[in-house]
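These notes are about the structure you will find just below.
Computed from the coordinates by the stated procedures, all read-outs in this text should not be read as laboratory data. No experiment lies behind these values; they were computed from the predicted model shown. Reconstructed Cβ throughout: ideal geometry from the backbone, glycine too, with neighbour counts over all protein chains shown.
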Amino acid sequence: MFEFSRNEIRDLLIAFVVLSICFAISNVGTDPFGIASILPIVMIGVGAGFLLHEIGHKFVSIKYGYWAEFKLWPLGLVIALVTAFLGFVFAAPGAVNTYADHMTDEINGRIAIAGPMTNMALALIFIAIAALTYPFSLHSQIIHLVYLTCAVGYSVNSYLAAFNLLPFATLDGTKVMKWNVLIWILVFAIAAVMTLLSMTIGAENMVGLIIGM
């Protein structure tokens, strides 16, 4: 049965709030007004990206008959806050723990890849909505806000996908690579390109290129 424990909901909410603040700081620095201005926009991208990423892990775990629960990693929250002041976010505030007596590398890899794939799908949805709303964003403040939110949502989710696919420590990439190296290379390459486009060209310029096609 797909359900959340009280502690799990608490941990998810704490991680969501802290990560949102971290991404706001990494984007605008320590200016309180800047943080307050961008925080609501960032929270939508982080909220969708982080929460659905973890739910993706949990859903696949339950699909295979395992009990899974998100657990907060307090040190990860501290690291995320510290790195945010350096201009990037080490986004590892916790993880979905899957409880099983035995699990094959394939199942573990499938559970692991579910999170980053969710972020990649969300990033594409966000950039598509941004492209659709851009022509109307100059004539409506509400639509302009939707456009900006989706542009940020693309950047946040592409980054979350690429970051979690790194083959380091307990990140998803290690488990995917252990299952199937070729699948890891393919998915990580796509996520990395999406992230590089966001960091170099920028989501707003990407929208311009999409519209101009």
Exercise for review: Could you pull the Cα extents of segment 51-102 along its three principal axes, largest to smallest, in whole Å?
Suggested key: 41, 20, 14
Check your understanding: Separation between the residue 168 and residue 182 pseudo-spin-labels, each 7 Å from Cα along Cα→Cβ, expressed in nm?
Key -> 2.9
Review point. Principal axis lengths of segment 67-213 from Cα atoms, whole Å, largest first?
Key: 58, 33, 28
Practice item. Could you please tell me the mean projected area of the C-alpha convex hull for segment 1-85, averaged over all directions and given in square nanometres to one decimal? Key: 5.7
Review point. Quick one: length gained pulling residue 128 to residue 63 fully straight, 0.36 nm per residue minus the C-alpha distance?
Key: 20.4 nm
